[in-house]
Amino acid sequence: MKKILALIIALSMFIISGCSSQQDRTVTDREGTEVNIPKKIEKIISTAPSNTEVLMALGLGDKLVAIDKYSTDIEGVNTELPQIDFSNPDAETIIGLEPDIVIASGHNKTGSTEDPFKAISEAGIPVVYIPSSDSIDGIYKDIEFIADVVNEKSKGKEIIDDMKAQVDEIKAIGDTIADKKSVYFEISPVPYLSSFGKSTFLNEMIEIIGAENIFANEDGWISPTAESIIDANPDVIITNAEYMENPTGEIKSRNAWENINAIKNNEVYLVDKNASSRPSQNVVKALKQMAEAVYPEYYAK
């Protein structure tokens, strides 16, 4: 009898294991970590607006069960969804939502030495990470990965192909521009100036439109001095500080900036903050705005 019982238990475990293997698959996330995920994804938690934007473009808004607070301004998102602090996530709340997957961002690890979703992973909920990409090609791969994870590869390919067509169209014009304008792109205004150098998708976008970043010799995200900007004397200044009442006017009114070419020639422009700061398919919108601002004679319709 004991042998029969043991055989039944062993057979049951084999069946359960077989079912599990049929329901799960292994993916390698954008950090390079192998993660076992369900084949069928019905409930998703997104921890960053860039990922949420991709999920919405894939038509999966109805599968979101929680988002981060910065995703609430995305068109079509249900703003009544739970909004979780993903820099310090509440494991109990997340586990209680019973998601099939958590699509996390590298930003969630900022300022932390440990994986903030360790407890969630240990509870058996798969967490895949997408670090902030530093190139347009990286954004394509992010979208491709998310689309694969949520079983929308065909739709993901459509989004990427559309992006590539628009980027290529702008680049084809940018490549013909010989007299390149110099550009200073301001992310944060005084007194905490913030911009970027190479190895960022925004620097690549400036190059695509046929211009030159005044800080192209710097690396990554930087905090330049006002003096370095004045010395570089950019032809055009772009800002995405939409949260200010009059960001372009504030730049034009700064002491000692009046002799910068961009100020003298009134070439200071505002571009969409979300489109220019979130690595998703919407960077194309910012790319077009930048192109039309810097070279209206080539791009403006």
Relative contact order in percent for segment 160-301 (Cα pairs under 8 Å, 6+ apart) equals 23
Expected sort for 276-285, 132-141 on mean C-beta neighbours within 10 Å, highest first, is 276-285, 132-141
Percent of beta bridges antiparallel (DSSP, the chain, rounded to nearest 5): 30
Give the Kirkwood hydrodynamic radius (Å, one decimal) of segment 68-192, defined as one over the mean of 1/r across all pairs of different Cα atoms. 17.9
Let me know the whole percent of all Cα-Cα pairs from segment 157-270 that are separated by more than 25 Å. 25
Excluding residues on the same chain fewer than 8 positions from Lys157, give the lysines whose Cα lies under 16 Å from its Cα. Lys141
When only alpha-carbon atoms are used, what values of Rg and Dmax, in angstrom, describe segment 58-113? 11.7, 35
Tilt relative to the chain, helix 136-149 - C-alpha long axis, 0 to 90 degrees, to 10: 20
Give the carbon-plus-sulfur fraction of the accessible surface of segment 58-153 in %, rounded to a whole number; probe 1.4 Å, heavy atoms of protein chains only. 43
Amide hydrogen neighbours beyond the local backbone of Asp24, cut-off 5 Å, H modeled: Lys39
Taking Cα atoms, the helix 153-174 axis meets the longest principal axis of the chain at an angle in degrees (rounded to 10) of 10
What is the diffusion coefficient of segment 212-301 in µm²/s, taking the Kirkwood radius over Cα pairs and the Stokes-Einstein relation at 25 °C with a viscosity of 0.890 mPa s? 174
Given H placed on each backbone N at 1.01 Å, which residues far from Glu42 in sequence or on other chains put an amide H within less than 5 Å of it? Asp100
Helix 283-294 sits at what angle to the longest principal axis of the chain, using alpha carbons and giving 0 to 90 degrees rounded to 10? 0
Cα to Cα, under 16 Å, and not fewer than 8 places away if on the same chain: which aspartates and glutamates meet these conditions relative to Lys164? Asp137, Asp142, Glu144, Asp175, Glu204, Glu207
Taking H as built 1.01 Å from N, whose amide H comes closer than 5 Å to the amide H of Arg30, not counting residues under 5 places away? Tyr129
Extreme residue, positive dipole direction of segment 138-213, given options Ser182, Met205, Ile159 (C-beta unit charges): Ser182
Might you tell me the accessible area per residue for the chain, computed with a 1.4 Å probe and given in Å²? 52
Classified through the alpha carbon gyration tensor (a ≥ b ≥ c as square roots of its eigenvalues; rounded if a/c is under 1.5, else prolate when a/b is larger than b/c, else oblate), the chain comes out prolate
Measuring from its Cα centre, the chain shows a charge dipole (+1 at each Lys and Arg Cβ, -1 at each Asp and Glu Cβ) which, in debye to the nearest 20, is 940
Leaving out ligands, DNA and RNA, what percent of the accessible area of segment 157-301 is carbon and sulfur, probe 1.4 Å? 46
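The values are calculated or read from the model by the stated rules, or taken from the named source; none is laboratory data. Computed from a predicted structure; not experimentally measured. Every residue, glycine as well, gets a Cβ built from its backbone with ideal geometry; the counts of neighbours run over all protein chains shown. The accessibility values were calculated without ligands, DNA or RNA, using every heavy atom of the protein model including side chains. Shrake-Rupley method; radii C 1.70, N 1.55, O 1.52, S 1.80 Å.
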